[in-house]
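The values are calculated or read from the model by the stated rules, or taken from the named source; none is laboratory data. Values in this document were obtained by computation on a predicted structure and should not be read as measured data. No Cβ is skipped: glycine too gets one built from the backbone with ideal geometry, and neighbour counts run over all protein chains shown.
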Amino acid sequence: MATSPSPTSMRLAVCGVLLALYVGVVLVATMWPTPLDAGYESAIAHVLDILHRHGVPEWFGYGKLEFTANIAMFVPLGFLLALTLPERGWWAVMLLVPGFSALIEYTQGEFLSARFASGWDVVANTVGGYVGAVLAYLLRALIHARDRMVVARALAGDRSRG
């Protein structure tokens, strides 16, 4: 008789596949020979103009937008790593996120003539990855609290019937 996979096995499988797909997309985006925003300067300026008209301060320009985008781009990495690795593997997330980012920046600086390496990108990517990891750990804590409550209720129900 076949049994269904455990929730942990299912979580690891789903998160592992999503993590592999995500890393692939990031590598395509970051290892593309030319910056992805090349040729879109007027569209980016238009978006910034709309943001400024809707209350975003004028000091929030292209550089801040790019920094924010780098943070957002790495949130899924931290989130998926933190869900894929065991909880006590938090230290690995703390090393892998900045390591992956630094490797990307090094590769861009050394091998892609139209791209350039930036320490600020490593900082932004690391912040994003750490935010994602914190969100994953909060999700895990909520799920564990819910599970403890469900077990406690089930045990209380068994005692009341006995």
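Assorted remarks:
- Residue count for region 40-69, restricted to those that are acidic (Asp, Glu) and part of a loop (DSSP other than H, G, I, E, B): 1.
Let's see how each residue does on (1) modelled with pLDDT of 95 or more; (2) hydroxyl-bearing (Ser, Thr, Tyr); (3) under 22 Å from Val14 (Cβ atoms); (4) surrounded by fewer than 20 Cβ atoms within 10 Å (Cβ to Cβ):
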position: Ala38; (1), (2), (3), (4): no, no, no, yes
position: Gly78; (1), (2), (3), (4): yes, no, yes, no
position: Leu85; (1), (2), (3), (4): no, no, yes, yes
position: Gly89; (1), (2), (3), (4): no, no, yes, yes
position: Pro98; (1), (2), (3), (4): yes, no, no, yes
position: Val122; (1), (2), (3), (4): yes, no, no, no
position: Thr126; (1), (2), (3), (4): yes, yes, no, no
position: Leu138; (1), (2), (3), (4): yes, no, yes, yes
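- Hits in region 70-120 (condition: among the charged types (D, E, K, R), assigned to a helix (DSSP H, G or I) and touching a residue at least 24 places away in the same chain (Cβ under 8 Å)): Glu87
- Filtering region 7-27 to residues that are free of Cβ contacts under 8 Å to residues at least 24 places away in the same chain and more than 16 Å from the chain's Cα centre (by Cα) leaves Pro7, Thr8, Ser9, Met10, Ala13.
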